[in-house]
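This report concerns only the one structure given below.
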Amino acid sequence: MKMVFLGPPGAGKGTIAVRAKEFFNIPHISTGDLFRSNIKNETQLGLKVKEILASGGLVPDSVTIEMVKNRIAEPDCKNGFILDGFPRTIPQADALAEMTDIDAVVNFVVPMEEVVKRLSGRRMCPSTGRLYHIVFNPPKVEGKDDETGEDLIQRPDDKEDAIVHRLEVYESQTKPLIDYYRKKGLIKEIDASVKPSDVFERLKAAL
Ligand code: ADP
Ligand code: ADP
């Protein structure tokens, strides 16, 4: 199963992808996670994209497409994958269509005010990427990862200014993909405004 998770930042795509990758036994490919790991390891790519991520803008299509193309050519992707955060523009979607056939595009539908709440309360374990929310999914000990005990971080792009910018970028660049994939008959819409376990049930039902 080759799936794309579409939806605004903070819709819960990453949270559901963690469950779905176990269930379907396919890798979860988050372009945001790939960029963040390059930034952490101070690779050439990481240095190039660091400021772009912090501001909430999009990495150029050519750079992003190349990274995804290499990733999905790896052997663990032969039975399928979950693409989370890619494509985000029409040229990226066109490039993906040239790389492979996608089976389903799941659109996570969440009201904007809920998205803002989810983004502003998001916290992350810096080494594992494990996700928390200060209200909706708090860690056992405030500010610490449940398993490693590390200090949780707030992503620089989850600060207010960058959130506003990211939502504008979503509206102008990414939202048109809903129609793009609807025309191809690939869109499955799920109401993702409920709790994660219910969103996951809806995902399974939609597929
Ligand atoms: P979120 O989970 O909040 O939607 P991501 O982790 O997917 O955010 O992405 C974080 C950042 O990484 C984006 O704001 C953007 O700068 C960059 N990025 C991720 N995916 C893409 C993409 N497909 N095209 C361009 N930039 C991307
Ligand atoms: P995305 O990958 O779409 O940007 P995330 O999975 O990172 O979204 O979720 C954003 C924030 O919202 C995280 O703090 C996460 O814990 C929280 N969250 C995710 N799904 C839900 C949900 N169904 N209900 C409440 N909070 C959620």
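Things worth noting here:
- Coil-residue GluC sites (Glu not before Pro) of the range 1-100, DSSP, other Cβ within 10 Å capped at 16: 42
- Convex hull volume of the Cα atoms of the range 89-207, normalised per residue: 139 Å³.
- Relative contact order of the range 4-54: 17 percent, from C-alpha pairs under 8 Å at least 6 residues apart in sequence.
- Residue by residue, the range 176-188 carries 3J(HN,Hα) couplings of x, 5, 4, 5, 3, 7, 5, 4, 7, x, 9, 6, 10 Hz when phi is fed to the Karplus relation 6.51 cos²θ - 1.76 cosθ + 1.60 (θ = phi - 60°); x denotes Gly or Pro.
- Length-normalised contact order of the chain in % [C-alpha pairs under 8 Å, at least 6 apart]: 30
- Reported to the nearest whole Å, the Cα centre-to-centre distance from the range 147-174 to the range 59-95 is 21.
- Restraint check, 13/144; 40/117; 78/183; 175/195; 13/204, Cα-Cα greater than 18 Å: 13/144; 40/117; 78/183; 175/195
- The translational diffusion coefficient of the chain, from Stokes-Einstein at 37 °C and 0.692 mPa s with a Kirkwood hydrodynamic radius over alpha carbon pairs, comes to 188 µm²/s.
- Cut-off under 5 Å, modelled amide H: who pairs with residue 30 long-range: 84
- Using bins of 5 Å that start at zero, the share of Cα-Cα pairs per bin across the range 1-43 amounts to 6, 20, 25, 23, 17, 9, 1, in whole %.
- For the chain, the solvent-accessible area works out to 52 Å² per residue, with a probe of 1.4 Å and every protein chain left in place.
- Trypsin sites (Lys or Arg not before Pro) within the range 102-176, DSSP loop, no more than 16 other Cβ atoms inside 10 Å: 140, 159
- Built amide H within the under 5 Å cut-off of residue 81, gap 5+: 2, 3
- For a paramagnetic label modelled on residue 147 (point 7 Å from Cα along Cα→Cβ), amide N atoms under 11 Å away are absent within the range 1-43.
- In the assembled protein chains, residue 175 presents an accessible area of approximately 90 Å² (probe radius 1.4 Å).
- Rounded percent of accessible protein surface that carbon and sulfur make up, the chain, 1.4 Å probe: 51
- Largest to smallest accessible area among 135, 18 [probe 1.4 Å]: 135, 18
- A 1.4 Å probe over all protein chains sorts 5, 136 by accessible area into 136, 5, starting with the largest.
The values are calculated or read from the model by the stated rules, or taken from the named source; none is laboratory data. Computed from a predicted structure; not experimentally measured. Note: ideal-geometry Cβ built from the backbone for every residue, glycine included; neighbour counts use all protein chains shown. Keep in mind that these areas ignore ligands, DNA and RNA; they rest on the heavy atoms of the full protein, side chains included. Shrake-Rupley method; radii C 1.70, N 1.55, O 1.52, S 1.80 Å.
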